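Asks: Below is one structure. I have some questions about it.
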Amino acid sequence: MLQKLDARKTMLQDVLTVQPSPRVERLREEYLRSELVLSIDRDRIEARVLGETEGEPLVLRRAKAFAAIVREIPVEIFDDELIVGWFWGSPHGCAFSVKGDPTLEYRLDELTTRDRNPVTISEEQKQILLEEIIPFWKGNGKWELSRTSSLYDDLFLPELNDLMFVNGSPQPNGPINTRFMRGGHVGHTIANHEKVLEKGFLGIQKEAEDRLARLDLSDPEELKKIPFLKGVVIAMEAAAKIGQRFATRARALADDEKSPERKEDLLRIAKACDRAPAHPAETFHEALQTVWFVHILHWWETSGTAAISPGRVDQYLYPFYDRDIREGRLTEREAQELIDCYLLRFSAFTYNGVSDPEGNLTDALYGAAHHIDVGGYKPDGSDATNALSYMFIEGMMHTRLQEPNFGLLVHSKTPEDLLIKACQLCALGTGHPMFLNHDTIINNLLGRGTMGGPPISLELARTAATFGCNEPCVPGMDSGMIIGASISVPLAFEFALSNGWSRAHNRQLGPETGDPKSFASFEDFRDAFRKQLSWMIERASIANNIVEPLMASLESTVFQSALFDDCIEKGICREAGGARYNAGPFVSIQGSPDFGDSLAAMKKHVFDDKTITMDALLDALDRNFEGCESLHRKLLDTPKFGNDDDEADEQTVWLKHVFAEEVIKHKNTRGGHRTPVEIPLSGYVTGGTGVGALPSGRLAGQPLAAGIGPTSGSDMNGPTAVLNSVAKINHAEFFGGQTFNMRLDPSIFDDPSGFKRMADFIRTFVDLKIHQVQFNIVSSDVLEAAQEEPESYRDLMVRVAGYVTQFVELPRAVQNTIIARTEHGL
C-alpha cells in the first residue's frame, strides 16, 4: 500500500510542467488543516435591513439588504493571499441554512460537539441567532410563506402533500422529492462574466439607469419595472465598492508589513482592487480578481444557493493573459501562481445545511458545486484551446482539492496534447477532470431551443459550458435550472406492481393501472409503468408551478439578474423570466439501470420464457428473496445493462427515452419547458434505502446505480462494452445532462503509454456521442486504508457522482459504494 502511495507522489512530479510555488503549497496545507468557524455577519445584516424596510417593494428591500451586506460585512486579507475575498469572511468560515432549517435553534449545541465537522460557535453568536436572526424569519420573515408543504394544503392540493410528506415530514424516498425547490434558491447557472470584465459594475449600473430613463411611464406595464431597475442601480453601486474596501485594507496592512516581499504582494492586491470590479478590467490580475468577486457576491446576495459557476474561464480570461505576457507585465510563472491561488479558494466554501447528528449533510455533499470548464469549441466551430487551458489543468494538479468541479470540454477536434494533459491530471486520482462531450452538449442546446422561446443558434450553442455536476447552459443567458423535483422510479415501478397502492401510506395513492397478475404481455406491464411514471412527472410539474412564482416574489435577485442578458431590458428578475432562456427546472431521475435490468428480467422470465410466474415474482420480492434462492439466482444471472448486450440494454434505453419524452411535455411558468436530467449526487445511496427488492435480483435497501453506468459489479465485459451500452441511450434528448461514473485500475499508468490509451478511450467516448464520463483512479487498498486511518488520508479525493469530495468525510455507506465499483483496465 505504501508503495502505491509513494508511486502517486512520483507520478505528480512526473506530470507537472512547473512546480507549485511555496505560497501555493502553504495555502493548500492551510486548507487541509482548517476547521469550521461560524459566520453570521451576512445573515444578521440581511435580517436587520429587511426588518427596517418593511412595507417597501420586496425586490427593493432585497437590493438594499445586499447593498448593506457589501458595505458592512468585515473584509480581511490573510497571509499568502494574492486573490482576496471569502464567501463567509475567512478561509475557515461557514454559514448555516437559517431560512431553510426550522430546527436550527434546537441543534446549536449538537453542531458544536458532533464528531464529524464540528462548527465553532461563540456564545455571542448563539445569542444573536436565537434572539435576532431566527426570530426574524419566524416572525416578519414569515417562514410560513417560504416554499414549504403547507402551500399544497393551502391550495387544496392534499394529494401533492401526500406525495412528498408522511405525517408532515419530508420523505426523501417518496414518489416526488422537491426539497431543492422548497429550500434553496435557483442557482444553477453561469453569469455573463465577459460583460462585467468589459463594463465593470459601474457600467452595468449605468445600463440600468439608462433603461430607467427610457421607461414609458404612461404604460402600466413599464411602471412595474421601476422597483427592479432601481434595485439593480442600488446593487451595482454597492458591488462596485467592494474592491475599494479591499484596496484600502491591503494598503493599511502594507504600511505595517515588515517583509518586503509581502508588502509588494499587498500593494499588487491594492492596485488590482482599485479597478476590480468597479471598472473594466485591464490586466490578468484585475480580471481574475473581478471574476472572483462576482462569484462570492452571488452568495452574499442569496446564501442558500448552489451550482453558480464561473464557466469557461480559459476563454474569457485569455485576452488579458495574452496582452500582459506580450507587453511584459506578467510572466507565465506569475500567471500560474495567480491561477493556483484562485483555484484554492473554491474548496473553502462550506454551507452547513440540514445534517444528521454525526455531521453528514443530507446528501453527503460538502460545497456548492462550483464548476469550471476549459477547452471546447469557439463560436465558429474551430478548437478553442489556448495557453490557459493547459495552465488551469496544471493548477488543478497543484491544488488537488475537491473544488472547483473541473471539466474538460472534449470534441472531435480536441488537440492530442491537451487530452493527454487532462488524462495525466485524472491519473493523479483526485477525481478531476470530468470529460464533457462538447459535440453532444451542442446537440442538447440545439434540441432544447426547439421547445419554445427564443431559438438557440449554432454559434451560441458552441459557447456552451456546464454548471454544477455537468448540466449544459448558454452562459450569461440561461436563467437557471435548479433540480425542481426528483422522481422516484422505484416507486413508479412498485406502483405498477401494486396497481397504485402505496405501502408507505398504506392506501391507494397512484392511479389504478391494473393488477399485474392479469397482464397478458410485457407491453401491458410497460404501459402500466409508463402511466405511473407520467402521473408522477405531471404532479411534480404542478408542484413546481406553485413554487416558481413564490421564488420570484419572495427571493428575487437584482445583482445576479443584472448579469444575465435581457433582465435589465425586460425590467424583471431572472426568477420571473427576465433572462433570455428559461428552460427548467430540472426533473431528475435516478437508478435507471436498476429498473432497466428489472424490466429486462421480467421480460425474459415472466413473459418470454415463462420460467417465473408473476405470483412467484411478487411473493419473492415481498420476502426479499428469503427462501427463494433458486429464483433469486436466476434473476441475478440474467444479463445486465453495461455489457453491450442489446436485449439487456434495451429496457434501460427505453426507460430513459420515456422519461425524457414525458418530462418535456410540461411547461414552466417562465415560458420554457421542464428539463430531464439524471444526476444523483450521493442520493443513489440514501434513495436505495427506501427501495424494496427488485426483479433484477437487487436486495431491499441496497444502493442504486450511481448514475447512468451499470449497477455496481454487473459490468463484466470490460470498459469498451460499458461505453457501447451507455451510448445506446439518446444523450441528445437529456437536455440537463447525465452522470456517468467509471473506475480505472491505477496500474494503467505505471507506464507512460497508459495516458495515450486513456486518451484513445476518451476519443471513443466522444465518437459514441455520450454526454459525459468521469473517473475514480485509486486502488481499493488505498480506499480501505483510508477508512481505517482517516487522519492519514485527509487529502484523498474521490468522485462520488457529479462531484468530488474528501473520501474520509463521506459516510461509510457512500465510501463502500465507491470501493465496490468495478475497476477496469485499458
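The values are calculated or read from the model by the stated rules, or taken from the named source; none is laboratory data. This structure is a prediction, so every number in the text was calculated from the model and none was measured. Cβ placement follows ideal geometry from the backbone for every residue including glycine, while neighbour counts extend to all protein chains displayed. Calculation scope for accessible area: heavy atoms of the full protein, side chains included, ligands and nucleic acids excluded. Shrake-Rupley method; radii C 1.70, N 1.55, O 1.52, S 1.80 Å.
Asks: Determine the gain in length on full extension of the stretch Ser753-Glu264; use 0.36 nm per residue of separation and subtract their C-alpha separation, reporting nm with one decimal. Provide the component values of the computation, followed by the final result.
Replies: Details: separation 489, 0.36 × 489 = 176.04 nm, distance 4.43 nm.
Separation in residues times 0.36 nm, less the Cα-Cα distance, equals 171.6 nm.
Asks: Using Cα pairs under 8 angstrom and six or more residues apart, how large is the relative contact order of the chain, in percent? It would help to have the intermediate numbers written out before the result.
Replies: Details: 1640 pairs, mean separation 119.8, N = 826.
Dividing the mean separation by the residue count of the chain yields 15 percent.
Asks: Let me ask another. Among Met477, Ile770, Leu445, which residue has its Cα furthest toward the positive end of the charge dipole of the chain, with +1 on Lys/Arg Cβ and -1 on Asp/Glu Cβ?
Replies: Of the options given, the answer is Met477.
Asks: Per the helix-only calculation at 222 nm, which mean residue ellipticity applies to the chain, given -39500 (n - 2.57) for every DSSP H run of n ≥ 4 and division by its residues, nearest 500 deg cm²/dmol? Mind dumping the intermediate values first?
Replies: On the way: 34 runs with 383 residues, N = 826.
One gets -14000 deg cm²/dmol as the mean residue ellipticity at 222 nm.
Asks: What net charge do the residues around Val474 carry, taking every other residue with its C-beta under 14 Å from that of Val474, with Lys and Arg at +1 and Asp and Glu at -1?
Replies: On the way: positive: Lys195, Arg312, Arg448, Arg462, Arg574, Arg580; negative: Glu194, Asp373, Glu459, Glu471, Asp478, Asp565, Asp566.
Result for the local shell: -1.
Asks: Using +1 at the C-beta of Lys and Arg and -1 at the C-beta of Asp and Glu, which of Asn582, Pro415, Leu428 has the Cα lying farthest in the positive direction of the dipole of the chain?
Replies: The one lying farthest along the dipole's positive direction is Asn582.
Asks: Which ³J(HN,Hα) values, rounded to whole Hz and listed in residue order, are derived for region 554-566 from phi using the Karplus coefficients 6.51, -1.76 and 1.60 in 6.51 cos²θ - 1.76 cosθ + 1.60 with θ = phi - 60°, glycine and proline given as x?
Replies: These are the phi-based 3J(HN,Hα) values: 8, 9, 5, 10, 10, 4, 4, 4, 5, 9, 10, 4, 5 Hz.
Asks: Arranged from highest to lowest average of other beta-carbon atoms within 10 Å per residue, in what order do the peptides 117-129, 582-594, 639-651 appear? Could the numbers behind the result be given before it?
Replies: Values: 117-129: 14.9, 582-594: 27.8, 639-651: 20.7.
Highest-to-lowest ranking by the protection proxy: 582-594, 639-651, 117-129.
Asks: Under unit Cβ charges (Lys, Arg +1; Asp, Glu -1), what dipole magnitude, rounded to 20 debye, does region 656-741 have relative to its Cα centre?
Replies: About 240 debye.
Asks: Can I ask one more? Using 0.36 nm per residue of separation minus the Cα-Cα distance, give me the extension gain between Leu699 and Glu789 in nm, one decimal.
Replies: Fully extending the segment from Leu699 to Glu789 adds 29.4 nm.
Asks: How much net charge surrounds Gly484 when only the other residues with a Cβ under 9 Å from the Cβ of Gly484 are counted, with Lys and Arg +1 and Asp and Glu -1?
Replies: Working: positive: Arg674; negative: Glu548.
Net local charge, Gly484 excluded: 0.
Asks: Related question: What ranking, highest mean first, results for peptides 769-777, 610-618 when packing means the other Cβ atoms within 10 Å averaged over each residue? Walk me through the intermediate numbers first.
Replies: On the way: 769-777: 24.2, 610-618: 14.6.
Descending mean neighbour count gives 769-777, 610-618.
Asks: Using a 1.4 Å probe over the heavy atoms of the protein chains, calculate the carbon and sulfur portion of the accessible area of the chain as a whole percent. Walk me through the intermediate numbers first.
Replies: Working: 15030 of 29190 Å².
Roughly 51 percent of what the probe reaches on the chain is carbon or sulfur.
Asks: Label region 243-297 by shape, choosing from rounded, prolate and oblate, from the square roots a ≥ b ≥ c of the eigenvalues of the Cα gyration tensor; if a/c is under 1.5 it is rounded, and otherwise prolate applies when a/b is larger than b/c, oblate when it is not.
Replies: Values: a/c = 2.41, a/b = 1.95, b/c = 1.23.
Prolate shape, in that a/c is at least 1.5 and a/b is the bigger ratio.
Asks: Moving to a separate point now. With a ≥ b ≥ c the root eigenvalues of the C-alpha gyration tensor of region 416-513, is it rounded (a/c under 1.5), prolate (a/b larger than b/c) or oblate? Walk me through the numbers on the way to the answer.
Replies: On the way: a/c = 3.36, a/b = 1.69, b/c = 2.00.
Because a/c hits 1.5 or more and a/b fails to exceed b/c, region 416-513 counts as oblate.
Asks: Can you give the net charge of the other residues whose Cβ lies under 11 Å from the Cβ of Ala276, counting K and R as +1 and D and E as -1? Working shown, then result.
Replies: On the way: positive: Lys271, Arg275; negative: Asp274, Glu282, Glu286.
Summing Lys and Arg as +1 and Asp and Glu as -1 gives -1.
Asks: Here's something else I'd like to know. Averaged per residue, what accessible surface does the chain expose to a 1.4 Å probe, in Å²?
Replies: Numbers: 29190 Å² over 826 residues.
So the chain comes to 35 Å² accessible per residue, rounded to a whole number.
Asks: Identify, among Leu215, His666, Leu533, the residue whose Cα sits farthest towards the positive end of the charge dipole of the chain, taking +1 on the Cβ of Lys and Arg and -1 on the Cβ of Asp and Glu, with the dipole about the Cα centre.
Replies: Going by the Cα projections, it comes out as Leu215.
Asks: Moving to a separate point now. Report Rg(Cα)/(2.2 N^0.38 Å) for region 633-712, keeping two decimals.
Replies: Numbers: Rg = 15.2 Å, N = 80, 2.2 N^0.38 = 11.6 Å.
Expressed relative to 2.2 N^0.38 Å, the Cα Rg reads 1.31.
Asks: If you line up the long axis of helix 438-448 against the longest principal axis of the chain, both from Cα atoms, how many degrees apart are they, to the nearest 10?
Replies: 80 degrees
Asks: 5 Å is the cut-off here: which amide hydrogens, built 1.01 Å from N in the peptide plane, fall below it relative to His673, excluding neighbours closer than 5 in sequence?
Replies: Sorted by chain and number, the residues that satisfy this are Gly584, Asn668.
Asks: Please determine, in degrees from 0 to 90 and to the nearest 10, the orientation of helix 226-239 with respect to the longest principal axis defined by the Cα atoms of the chain, where the helix direction is its Cα long axis.
Replies: Tilt of helix 226-239: around 70 degrees.
Asks: Further, regarding this structure: Count neighbours as other Cβ atoms within 10 Å of each site's Cβ, and list the chymotrypsin sites (Phe, Trp or Tyr not before Pro) in region 39-137 that are DSSP loop with at most 15 such neighbours. List each step's numbers first, then the result.
Replies: On the way: sites: Phe66, Phe78, Trp86, Phe87, Trp88, Phe96, Tyr106, Phe136, Trp137; in loops: Phe78, Trp86, Phe87, Trp88.
Taking region 39-137 and a limit of 15 other Cβ atoms within 10 Å, the loop chymotrypsin sites (Phe, Trp or Tyr not before Pro) found are Phe78.
Asks: Next question, about the same structure. About its Cα centre, how strong a charge dipole does the chain have in debye, to the nearest 20, once Lys and Arg get +1 and Asp and Glu get -1 at the Cβ? Let's see the in-between values first.
Replies: On the way: 87 positive and 120 negative charges, 222 e Å.
In debye, rounded to 20, the chain gives about 1060.
Asks: Starting from the 7 Å offset along Cα-to-Cβ, what nm value, one decimal, do you get for the label separation of Arg623 and Glu194?
Replies: 6.5 nm
Asks: Follow-up. Just list whichever of Lys421/Lys656; Lys531/Lys728; Lys99/Lys769 have alpha carbons separated by over 31 Å in the model shown.
Replies: Numbers: Lys421/Lys656 33 Å; Lys531/Lys728 24 Å; Lys99/Lys769 42 Å.
With Cα atoms farther than 31 Å apart: Lys421/Lys656; Lys99/Lys769.
Asks: Rank-order 413-421, 533-541 by packing density, defined as the average count of other C-beta atoms within 10 Å over each peptide's residues, highest first.
Replies: In decreasing order of mean packing, 413-421, 533-541 become 533-541, 413-421.
Asks: Can you give the extra length, in nm with one decimal, that the chain gains between Thr331 and Asp637 once fully stretched, where that is 0.36 nm per residue apart less the Cα-Cα distance?
Replies: Working: separation 306, 0.36 × 306 = 110.16 nm, distance 6.05 nm.
The span from Thr331 to Asp637 would gain 104.1 nm if fully extended.
Asks: Another one. Once both labels are modelled 7 Å past Cα along the beta-carbon direction, what's the Val658-Arg33 spacing in nm?
Replies: Label-label distance for Val658 and Arg33, simple model: 5.7 nm.
Asks: Taking the structure as given and computing Kirkwood radius over Cα pairs in Å, which label from (1) 36.5; (2) 27.4; (3) 31.0 fits?
Replies: Derived directly from the coordinates: (2).
Asks: Give Lys126/Lys230; Lys195/Lys378; Lys230/Lys378 a once-over and call out the pairs whose C-alpha atoms are over 25 Å from each other. Could the numbers behind the result be given before it?
Replies: Details: Lys126/Lys230 35 Å; Lys195/Lys378 18 Å; Lys230/Lys378 36 Å.
Beyond 25 Å: Lys126/Lys230; Lys230/Lys378.
Asks: Round to the nearest 10 and give me the degree value, 0 to 90, for the angle of helix 646-663's Cα axis relative to the longest principal axis of the chain.
Replies: 50 degrees
Asks: Now a separate question. Placing unit charges on C-beta atoms (Lys and Arg positive, Asp and Glu negative, everything else neutral), compute the dipole magnitude of region 719-806 about its Cα centre in debye, rounded to 20. Before the final figure, lay out the partial values.
Replies: Numbers: 8 positive and 12 negative charges, 125 e Å.
With Lys and Arg at +1 and Asp and Glu at -1, about 600 debye.
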